[in-house]
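The values are calculated or read from the model by the stated rules, or taken from the named source; none is laboratory data. On a predicted model such as this, the values are computed, not experimentally measured, just so you know. FYI the Cβ positions are ideal-geometry reconstructions off the backbone, even for glycines, and counts take in every protein chain you see. To get the accessible areas, we keep the full protein, side chains included, count just its heavy atoms, and leave off ligands, DNA and RNA. Shrake-Rupley method; radii C 1.70, N 1.55, O 1.52, S 1.80 Å.
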Amino acid sequence: MGDKDCILKVIDLKKAYRVGKVEIPALRGVNVHIAVGEFVSIMGPSGCGKSTFLHLMGGLARPTAGKIFLDGIDLTRVSDSERTRVRRE
């Protein structure tokens, strides 16, 4: 699949939460390519990172590392106001 057919592209996505001095990994290097028109489901046991992944895909949170491209826009590099505009549209 070429990048032009890809509506969502996630590269080595990582998210960790800090609790005091301890860092808790929620996502550890997720890679996803979703084509235009493709239907996808996110499944897994409680606490595996599904909600964290969806918050990152929706531009509601920023990853610790990695890249998220939504329709060609790099959500990891745009400002908060630009992410709000992307979510709105």
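Observations on the structure shown:
- In the full protein context, the chain carries 68 Å² of accessible surface per residue, based on a 1.4 Å probe and ignoring ligands, DNA and RNA.
- Among the protein heavy atoms of the chain, carbon and sulfur supply 55% of the accessible surface, probe 1.4 Å, non-protein parts ignored.
- If only the Cβ of Lys and Arg carry +1 and only the Cβ of Asp and Glu carry -1, the dipole of the chain around its Cα centre is close to 420 debye.
- Pairs of lysine residues in the chain that meet both criteria, 8 or more places apart or on different chains and Cα atoms under 22 Å apart, total 8.
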